[in-house]
Every structure is written in structure tokens, then in C-alpha cells.
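J.: Have a look at this one before I ask anything.
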Amino acid sequence: MPTDPSTLPVVQNTDANRFEVSGDGLMAKADYMITKDERIVFTHTEVPRAWEGKGVGSRLAKTGLGYAREQALKVMPLCPFFAGYIRRHREEYEDLLAPGFRV
């Protein structure tokens, strides 16, 4: 029986510059870059088809944005998924956006 992806931890893979959820031979990921001017740029989010609609992407976004807050990084969500997540949770995350950046 496949593992419920909502029970799998989100792990930060600093060597690959991404947040990951993996299990059962599958991996979901949210790629990022950290710039010299203390910004984190979320570039791409990918969730396996078998895990779509199970909250895995949202957990990746929440973890990534939590990391940005902890590290006092300003966020540039170039990834449409991250931009949409911030838009849907504007009250919680809008303050993290880099100056002049809108979602």
C-alpha cells in the first residue's frame, strides 16, 4: 500500500537548493536560489501526479516561506505555484515579498 504523502516530512536539501518530500520512489520539490542581497527566489515546484491534490505542494510552500521568515529573507516567487499560494494566504505571507514584487 502506498504511503500517504501527507505523513512524509518536508526536508531542506541545501546542496540541491530545494525543499523535498520523498517516499515510495517519488519526490516532490520546490527549487530556490538565495541571492547576495538576502532574497530567496522560488523558481519551480513539482509534485508527482500521484500526489497531486493531497496538499504536498502547499506543505512545500509553507515550509519554504517559513524558512524565508526565519532567515529574514525577502521572497521573489517566480514559480506560479508559490505566487498563487502567497496570493491565497496574503495576510500571512505578503509581508515577505521583496520590495516592488506583487503576486
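The values are calculated or read from the model by the stated rules, or taken from the named source; none is laboratory data. Owing to the predicted nature of the structure, the values given are computational and were not obtained by experimental measurement. In this analysis, Cβ positions are derived from the backbone assuming ideal geometry, glycine residues included, and neighbour counts consider all displayed protein chains. Calculation scope for accessible area: heavy atoms of the full protein, side chains included, ligands and nucleic acids excluded. Shrake-Rupley method; radii C 1.70, N 1.55, O 1.52, S 1.80 Å.
J.: If you go through region 1-14 one residue at a time, how many are in a strand (DSSP E or B) and open to solvent by less than 70 Å² (accessible area, probe 1.4 Å)?
T.: 2
J.: Looking only at region 84-93, count how many residues are farther than 12 Å from GLY57 by Cα and either β-branched (Val, Ile, Thr) or within 13 Å of the chain's Cα centre (by Cα) (or both).
T.: 2
J.: Here's another thing I want to ask about it. Can you pull out every residue in region 17-28 that is of a type in the set (A, V, I, L, M, F, W, C) and open to solvent by 70 Å² or more (accessible area, probe 1.4 Å)?
T.: MET27
J.: Separate question: Kindly list the number of the only condition in (1) surrounded by 16 or more Cβ atoms within 10 Å (Cβ to Cβ); (2) touching a helix residue (DSSP H, G or I) at 6+ places or on another chain (Cβ under 6 Å); (3) within 30 Å of PRO2 (Cα to Cα) that fails for ALA68.
T.: (3)
J.: Further question: Out of the residues in region 29-53 meeting the condition of being hydroxyl-bearing (Ser, Thr, Tyr) and surrounded by 15 or more Cβ atoms within 10 Å (Cβ to Cβ), tell me which one is farthest from ALA98 (Cα to Cα).
T.: Ranking the candidates gives THR45 first.
Yes/no matrix, rows are residues, columns are (1) more than 14 Å from TYR85 (Cβ to Cβ); (2) of a type in the set (S, T, N, Q); (3) not in a strand (DSSP E or B):
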| position | (1), (2), (3) |
| --- | --- |
| ALA16 | yes, no, yes |
| SER22 | yes, yes, no |
| LYS29 | yes, no, no |
| MET33 | yes, no, no |
| PHE42 | no, no, no |
| THR45 | no, yes, no |
| ALA61 | no, no, yes |
| GLY64 | no, no, yes |
| ALA68 | no, no, yes |
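J.: When region 71-88 is examined, which residues are found to be surrounded by fewer than 16 Cβ atoms within 10 Å (Cβ to Cβ) and either touching a residue at least 60 places away in the same chain (Cβ under 8 Å) or part of a loop (DSSP other than H, G, I, E, B) (or both)?
T.: GLN71, ALA72, LEU78
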